[in-house]
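Below is one structure, written out as structure tokens; the observations come after it.
Rule-based calculations on the coordinates, nothing more; no lab input. Every value quoted in this text rests on a predicted model; they were computed, and no experiment measured them. Here Cβ is always computed from backbone atoms with ideal geometry, including for glycine, and neighbour counts include all displayed protein chains.
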Amino acid sequence: MQKESAIREPLILGHKTYKDITDDVVRPIVGPASLGWKIMITISSIVALYGIGSILYLISTGIGVWGLNKTVGWAWDITNFVWWVGIGHAGTLISAVLLLFRQKWRMAINRSAEAMTIFAVIMAAVFPGIHMGRIWLAYYVFPLPNQFGSLWVNFNSPLLWDVFAISTYFSVSLVFWYVGLIPDFATIRDRVTKPFAKKMYGIMSFGWSGRAKHWNRFEELSLVLAGIATPLVFSVHSIVSMDFATSVIPGWHTTIFPPYFVSGAVFSGFAMVQTLLLVMRKAYKLEDYIHVKHVEYMNIVIIVTGSIVGVAYLTELFISWYSGVEYESYAFINRFSGPYKAAYWTMMTCNVISPQLFWFKKIRRSLVATFILSIVVNIGMWFERYVIIVTSLHRDYLPSSWGEFIPTATDVGIFIGTLGIFLTLFLAFTRFFPVLALNELKTILKSSGESYKNEQVK
Amino acid sequence: MKKVFHVMYDDDEKLLVAARELVSKGIHVNEVYSPFPIHGIDPVIGIKRTRLAITSFMYAMSGLSLAVFFMWYTMISDWPMNIGGKPSFSLLENLPAFIPVSFEFSVFCAAHGMVITYLLRNGTLPGMPATNPDPRTTDDKFVMEITTDTNSMNAQDLESEIKKTDIFELSIKDLKES
């Protein structure tokens, strides 16, 4: 068995046995839904319905109901897309990269983080879809043989790379997540007593029986999937950033974009994981599994990636001045002193200054401070995308075509609506799915469980 | 009558120790059912390392060749287009722009091909019946399956050998002819 230093903080608190882990994770699934859950899912579904209504209004009326104009042809839609894709980066990073680095603390959070990833990517995919205007022609993005001459898609375009990147990322994350869920569904299947639930979990567990050979394959599969998902995570947001970086718009045309976007994505993804998990651990009484040490580890990731983002902001400013290109330097001067300066300074405060508070151990280990700062980071990251997209577009090369973007109620409705859909999906997940990778957690109980560690010290 | 022994242990290490002991006495362990992977059990009961990773590499290579061939066919052979003067006259010239899609498609094929192979080889597919001998093996119990037809010992000897290990529960059933 693997031994771990006794000085390291235990990852599973309390005197747990294997059975306790099963009980703690399965309890919320077999028990009745709590009142808090019912209230939350009602509110989030109402918001989701409002969002769906806004989307239907948009599709039936046309893109004109957004605040876009001929100068600013991309605004909240792509801002929301990039924001959601960014949030969707934490899950696979946690389960893939941290698996390769053998970080045991990932096991408490990977399941829900991956679920969050999948729902966030679904939300992201909504925006390019509805942005097309005629969504019924969305299949044009795929290279299908057709009757319009040999009209193939353009493989030189980063927008098409994005189609491949997002669909690969979504489907690979989904199977990675599901393969890990199969053994846990089997545990629930063997636990529940209601016939309908037993039948459903039976179907979803694919007849998993925990044979030694199957576990042997399972471990190999997880490792290889982690190995190929790691470059995938980095490629996805790099490609998203190339949507901008390969254009000739000042403020977008920068080589720093791929690494800067990837670290921003991890930054916002971890912030969203913190926001959701801090509530979830309390609501489902999982404080022994997701405790202060886990939160601290995640805050360390936030401070590292947040600092990279900060350096990237400053580098952009410096290069725009140092390059001596008038258009380039104007784009950045306009960012921090033009009509959108409030958005710029919100972004700077939320993303660069506030996460630095995590250098203090007290703040890093405080759950309340973490919860507040995680929301601040997500607000900041939304503004980052807004600033990059709108401020770069609204001052055209021709002053006669300068314009401004003002969001309409439909813009706001769709954005709020995706938050509602996302939360509804996440709440449904916490009710019916095992929110912790319970069988994986059992493998670290003896090396990182509190009672086993105490015995080691003796 | 052929018998099947389901030997239950309440700890993964107890099972591992017991398996080593029984195997050293020449007893063949058919199968082990556990809620999580028991590290170190595979060589003891004679399970070889899976070749799944090799299949994944082969799927990735097929994906890569398919993607490159398809992009060459659409962009260069079938209908070359002048898009912003970007090079589109030979595969080599255009290759840098094809890297992202080639990579994504290789990953796509590697991941999905491997998962499908894994599910098929395991025989775990939607709606398949569970075959673990006891529902507790997905919770906190560990079961070893030993049958008389794969062992030269008779049922009584096997039983007494098994009982020497640190067992939690033992169930003996008649082996169904399949």
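Tabulated values for the structure
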| item | result |
| --- | --- |
| Across B:Lys14/B:Lys141; A:Lys19/B:Lys3; A:Lys213/B:Lys14, pairs whose alpha-carbon gap is larger than 22 Å | A:Lys19/B:Lys3 |
| Ratio of Rg to Rh over segment A:21-95 (Cα coordinates, Kirkwood Rh, two decimals) | 1.16 |
| Amide H contacts under 5 Å for B:Glu169, placed H, 5+ residues apart | B:Met8 |
| Extension gain (nm, one decimal) between A:His15 and A:Ala409, 0.36 nm per residue minus Cα-Cα | 136.6 nm |
| Phi to ³J(HN,Hα) by Karplus 6.51 cos²θ - 1.76 cosθ + 1.60 over segment A:78-95, Hz, x for Gly, Pro | 6, 4, 5, 4, 5, 4, 5, 4, x, 4, x, 8, 6, x, 6, 4, 5, 7 |
| Amide proton proximity set for B:Thr147, modelled H, under 5 Å, gap of 5+ | B:Phe5, B:Asn30 |
| Cubic angstrom per residue, convex hull over Cα atoms of chain B | 177 Å³ |
| Of every Cα-Cα pair in the protein assembly as shown, the percent that sits beyond 44 Å | 28 percent |
| Cut-off of 10 Å, at most 14 other beta carbons, DSSP loop: longest stretch of chain A lacking such GluC sites (Glu not before Pro) | A:1-286 |
| Listed residue (B:Asn122, B:Ser65, B:Pro80) projecting farthest to the positive dipole end of chain B, Cβ model | B:Pro80 |
| Calculated P(r) of segment B:52-122 - Cα pairs past 16 Å, % | 53 percent |
| Within 10 Å of each Cβ in B:138-148, the average number of Cβ atoms from other chains | 4 |
| Under 13 Å, Cβ to Cβ, from A:Leu276 - net charge with Lys/Arg +1 and Asp/Glu -1 | +2 |
